[in-house]
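The values are calculated or read from the model by the stated rules, or taken from the named source; none is laboratory data. Please read all numbers here as calculations on a predicted model, not as lab measurements. Because the Cβ atoms are built from the backbone with ideal geometry, glycine has one as well, and the counts that use them run over all protein chains shown. Surface accessibility is based on the protein's heavy atoms, side chains included, excluding ligands, DNA and RNA. Shrake-Rupley method; radii C 1.70, N 1.55, O 1.52, S 1.80 Å.
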Amino acid sequence: MAVYTLPELPYDYAALEPVINPQIVELHHDKHHAAYVKGANDTLEQLAEARDKESWGSINGLEKNLAFHLSGHILHSIYWHNMTGDGGGEPLAADGVGELADAITESFGSFAAFKAQLTKASATTQGSGWGVLAYEPLSGRLIVEQVYDHQGNVGQGSTPILVFDAWEHAFYLQYKNQKVDFIDAMWAVVNWQDVARRYAAAKERGDSLLLAP
């Protein structure tokens, strides 16, 4: 039985136009995200077989595959809900997301400074990767992480709350090789209500990272 399943989109394929066209949304969700779900489930089965046979010759590759596919599934599951056709702007207290707005200002100095950092982190990923706004539980602050592939270069224990997909399959059919243009356009569809809910949930369970018994 499959452990992971492909989540349904919270909107139709055309909901994010003109920032992301329907063809990209359909291919990205139905093909690319689905492949990460299948990859994670297949790797779990292969690991179970390795345990049953006590055959560990491929353990390094299997562990890397699990991290790659599982992280891809998790980040994409966040990505779809981080966007809405009615989004954009910046988080404001008047919209009920004042706690998130305050945290961004406290952690980065201003919304403009945060936006610049996440934009640069996303647009300058080497090859494939993500720009991520994450809650870091040890400091209780927000940080920006530049994620290579789906799983590299991250602080252990941090919780992603806003993710920008900088893989070419997220934008190439529409933006060609202009990754910067795509990232700039992404700010127009950010769902701050979703980001704020994720921030509140991450803070609530933030002390679950135990560094000592």
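Assorted remarks:
- Top-ranked residue in the stretch 45-103 [being of a type in the set (S, T, N, Q) and surrounded by 19 or more Cβ atoms within 10 Å (Cβ to Cβ); ranked as nearest to Ser128 (Cα to Cα)]: Ser71
- Residue that is nearest to Asp194 (Cα to Cα), among those in the stretch 12-44 that are among the hydroxyl-bearing types (Ser, Thr, Tyr) and either without any contact (Cβ under 8 Å) to a residue 60 or more places away in the chain or open to solvent by 40 Å² or more (accessible area, probe 1.4 Å) (or both): Tyr13
- Candidate set from the stretch 104-130 (those that are free of Cβ contacts under 8 Å to residues at least 60 places away in the same chain, open to solvent by less than 60 Å² (accessible area, probe 1.4 Å) and hydroxyl-bearing (Ser, Thr, Tyr)); member that is farthest from Tyr4 (Cα to Cα): Ser110
- A single member of Ala166, Ala134, Ala185, Ala202 is in contact with a Pro (Cβ under 7 Å, 6 or more places away or on another chain) and either farther than 21 Å from Ala34 by Cα or not hydroxyl-bearing (Ser, Thr, Tyr) (or both), and it is Ala134.
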